[in-house]
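The structure appears below as C-alpha cells.
Taken together, the values in this text are just the output of simple stated rules run on the coordinates, not laboratory data. All values reported here derive from a predicted model rather than from experimental measurement. Every residue, glycine as well, gets a Cβ built from its backbone with ideal geometry; the counts of neighbours run over all protein chains shown.
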Amino acid sequence: MDEFASRHYPVQENMRFQKRSWIVERLGWLVLLAIAVVGLSGVFGNGPASWAHVSDRTFAVSYERFQRATRTSSFVFDLGPGGAGERTLHLSAPFQRDFEFTSIQPPPSRSKTDRDGIDLTFAAPPGAAGRVVIWAHARSYGLSRIIASLDGGPAAAFWVFAYP
C-alpha cells in the first residue's frame, strides 16, 4: 500500500491536502528560525547588527542603529584635534525633536537651540582631541534621520530606528 495515497478506510485522508499542510508547516519553521536569527543579530535591539559607526574627517560617531524607546542609549562623538579652545557640536533638529537627553558628558559650557537643531559648545585645549557622550532615549517610535557637524565643518548623516 502506498503511504502517500489518499485513503477512505479506516479514516478518510486527503494526502494532497496533507502534503500542502506539511509545506506550510515547514515554511512556518523557517520564518520562526529567521526571526530568531535576526533577533540574535541585534536588529530588534542591542547586538552586532545594531551598532553603527559614522566618521568624517573631523569627528566620528558610534551609536545603536536600532533602539528601544523605553531604553536609554548612548551616542559617542569622537572629536578630532581642533585649533580653537572651544569645539561646537551641531545636531540637527530631528535629534532634538525625537530624543530626550538624559546626560551629556562632559557637560557643555554653552548650548543653543534654534529651528535648525542644537549647538553644544565644549571647552577644549587647542589641538586636542576629545570625546562627547550623549545619553538619550527616543520620544517616539520610527525612523530619525540625524545630521551632525563639528565646528561648522562637513556634516555626517546617520539614522536611528526606535522600536516601542
Rg over Rh [alpha-carbon atoms, Kirkwood Rh] for segment 51-163: 0.95
State to the nearest 20 debye the size of the charge dipole of segment 56-164 about its Cα centre, where the only charges are +1 on K and R beta carbons and -1 on D and E beta carbons. 240
Here the gain from full extension of Gln18 to His137, 0.36 nm per residue of separation minus their alpha-carbon distance, amounts to 37.9 nm
Taking θ = phi - 60°, what integer Hz values does the Karplus form 6.51 cos²θ - 1.76 cosθ + 1.60 yield along segment 28-38, in sequence order, with x for Gly and Pro? x, 4, 5, 4, 4, 5, 4, 4, 5, 5, 4
If the chain between Arg145 and Arg7 were fully stretched, how many nm would it gain, using 0.36 nm times the residue separation less the Cα-Cα distance? 43.6 nm
